[in-house]
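Chemist: Below are the structure tokens for one structure; questions will follow.
Each value in this text was obtained by applying a stated rule to the coordinates, not by laboratory testing. The structure presented is a predicted model; accordingly, all values stated were derived computationally and were not measured. So basically every Cβ, Gly included, is an ideal-geometry build from the backbone, and we count neighbours across all protein chains shown.
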Amino acid sequence: MRGSSAIEEILKQNQSADVHVLVVWEPMLPTDWSRPSGRVQSRLSDSRVVQFWDKDHLVAKELQRQLSSPQICCQRNGIIWDAAALYPSNVQWGSAPAFFGGAVLDVASEVRQRVSAMNGNR
């Protein structure tokens, strides 16, 4: 949950940035029985954010195929989670991200710098 708050803060600091954020919630912990509640999703209120529940880990599996490194951070039972991936605009799906790292809270500073640089705010 702290990772989603960190992303919301990055977006607040870069209100004019032309970015789109896809937040994928997936069942990773024993308590993740169903999609997150509205209270949880409200942590990300920026209009550039789209959130959805991926109970079958389809996005994580595809992201794993896109990454070239066999040593991928942020995995549990072979499934990527709690990670940030940045793609340049107009990229074709299937291309590797320009940046990948996690846990989200641990890489928030680097994500902030990259979003700011993409927006020309150094």
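Chemist: Multiplying the sequence separation of residue 116 and residue 99 by 0.36 nm and subtracting their Cα-Cα distance, what value in nm do you get?
Modeler: Full extension of this stretch gives 4.7 nm more.
Chemist: Another one. Using helices alone, what [θ] at 222 nm do you get for the chain, with -39,500 (n - 2.57) per DSSP H run of 4 or more residues, divided over all residues and rounded to the nearest 500?
Modeler: -9500 deg cm²/dmol
Chemist: So for the pair residue 79, residue 61, with labels modelled 7 Å out along Cα→Cβ, what separation do we get in nm?
Modeler: A separation of 1.1 nm, rounded to one decimal place.
Chemist: Related question: Return one quarter of the surface area of the convex hull spanned by the alpha-carbon atoms of the chain, equal to its mean projected area, in nm².
Modeler: For the chain, averaging the hull's shadow over all directions gives 7.6 nm².
Chemist: Here is a further query. Over the chain, what is the mean sequence separation of C-alpha contacts under 8 Å (at least six apart), divided by residue count, expressed as relative contact order in percent?
Modeler: Relative contact order comes out at 29 percent.
Chemist: Using Stokes-Einstein with the Kirkwood hydrodynamic radius over Cα pairs, what translational diffusion coefficient do you get for the range 52-111 at 4 °C and a viscosity of 1.567 mPa s, in µm²/s rounded to a whole number?
Modeler: Stokes-Einstein gives a translational diffusion coefficient of 107 µm²/s.
Chemist: Points 7 angstrom from Cα along the Cβ direction at residue 20 and residue 90: gap in nanometres?
Modeler: Between residue 20 and residue 90, the label points sit 1.5 nm apart.
Chemist: Let's test the formula: R0 of 25 Å, r as the Cβ-Cβ distance of residue 69 and residue 9. What FRET efficiency results, to the nearest 0.05?
Modeler: 0.35
Chemist: When 1/r is averaged over all different Cα pairs and the result inverted, which Kirkwood radius in Å belongs to the range 81-122?
Modeler: When all Cα pairs of the range 81-122 are included, the Kirkwood radius is 10.9 Å.
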